[in-house]
Amino acid sequence: MQFLPRKSVLSGEEILRLATLFVELGVEKIRLTGGEPLIRPDIIEIARNLNGIEGLKDLVLTTNGSQLTQLAQPLVEAGVSRINVSLDTLCQQQFSELSRTGDLTKVLAGIDAAVDAGFERIRLNTVLLTGQNETQIEPLLDYALEKGIDIAFIEEMPMGHITQTDRTLSLVPSARVLETIRSRFNLLPIVGANTDGPARRYKVEGTQTEVGVISPITDNFCDSCNRLRITPDGRLILCLGHENSLDLRQMLRSDMDAISLKRAIVAALAYKPERHVFDQPDEPQVVRLMNVTGG
């Protein structure tokens with residue numbers, strides 16, 4: 001893994017300025033993600049400053065969980081209301097293979113620390129891959145139920161350098177996930193308020209745990225997508241499935257005024273693609289890795 005030079009990464013002040021502009025344009029929810037956001041030494045200060053933006057209703061975070069033993073409580077105190085923790089398996093050997101360097105024991109301790117810290121909700125994010133961790137559906141759900149937290153199973157998005165055949169060989173469809181869960185539990189669909197976002201959500205009957213499935217391949221949700229992403233180096237990504245972007249860092253560092261920045265952002269939104277093309281193998285693939293863009 002190659003890290004960006006420090007000068008290429010947005011500073012805390014630049015993040016706050018951009019976030020303020022987006023909130024003034026109508027954004028109500030900000031998610032800190034990565035890569036891994038908790039490796040930034042100023043992450044608590046960033047969260048605290050973002051939480052102070054007038055008009056922001058929801059500050060949330062996605063993490064690999066490795067730093068939560070130290071940072072869960074400070075994040076709650078800084079105003080982060082909910083967190084997602086990426087966890088693809090409860091098998092240590094499998095975890096090491098999938099994460100390359102990860103320590104499962106440390107992540108599980110971090111989840112315990114997050115539960116104790118008192119976030120409004122905690123959700124596990126699990127990407128299933130055929131031939132690797134597709135047998136982890138039930139163990140991970142049982143773990144979520146034991147901890148009283150939520151879980152979402154996510155279809156893999158084909159990003160990075162892959163072969164065309166790999167696009168379908170590793171896919172575990174959401175329908176298979178739901179079939180597996182329903183063999184043991186009754187799932188009650190969650191509809192109405194607070195259901196924005198790509199996940200189809202269900203309550204596990206008799207518990208407080210929610211199960212979600214995110215299906216970018218088998219159940220395209222592009223027509224309702226309202227997500228925008230800013231990379232660590234300040235590029236505004238309009239769609240995960242396309243390479244087009246707007247260089248906000250260059251604009252910030254050229255001393256462009258707030259009105260001009262807002263106009264550039266609004267103008268870029270006109271080019272938000274109608275849909276991704278992950279399910280069309282003859283289309284150009286996205287070579288930008290997910291950890292460059294953020295989840």
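The values are calculated or read from the model by the stated rules, or taken from the named source; none is laboratory data. Treat the numbers as computed from the prediction; the structure is a model and nothing was measured. For neighbour counting, all protein chains shown are included, and Cβ atoms are generated from backbone atoms with ideal geometry for every residue, glycine included.
Out of L21, L50, L10, L25, I need the residue that is surrounded by fewer than 16 Cβ atoms within 10 Å (Cβ to Cβ), over 17 Å from E120 (Cα atoms) and outside the structural domain of E134 (by TED's automatic domain parsing). Which one? Don't jump to the end; show me each part of the working.
Working: L21 fails: surrounded by fewer than 16 Cβ atoms within 10 Å (Cβ to Cβ); L50 fails: surrounded by fewer than 16 Cβ atoms within 10 Å (Cβ to Cβ); L10 fails: surrounded by fewer than 16 Cβ atoms within 10 Å (Cβ to Cβ).
After applying the criteria, what remains is L25.
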| Subset of the range 72-84 that is of a type outside the set (D, E, K, R) and surrounded by fewer than 23 Cβ atoms within 10 Å (Cβ to Cβ) - its residue that is farthest from F22 (Cα to Cα) | Q73
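Residue by residue through the range 87-98, note down the ones that are among the polar types (S, T, N, Q) and either farther than 17 Å from E156 by Cα or surrounded by fewer than 21 Cβ atoms within 10 Å (Cβ to Cβ) (or both). Can you show your working first?
Within the range 87-98, the first condition is being among the polar types (S, T, N, Q), and the residues that meet it are 89, 92-94, 96.
The answer is Q92, Q93, Q94, S96.
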| message | Between a residue in the range 210-227 that is more than 20 Å from V191 (Cβ to Cβ) and any residue that is part of a loop (DSSP other than H, G, I, E, B) and modelled with pLDDT of 90 or more, which pairs come within a Cβ distance under 8 Å, given they are 6 or more apart or on different chains? | response | I217/P173; T218/P173
| remark: Going through the range 104-120 in order, the residues found to be surrounded by 14 or more Cβ atoms within 10 Å (Cβ to Cβ) and not in a helix (DSSP H, G or I) are F119
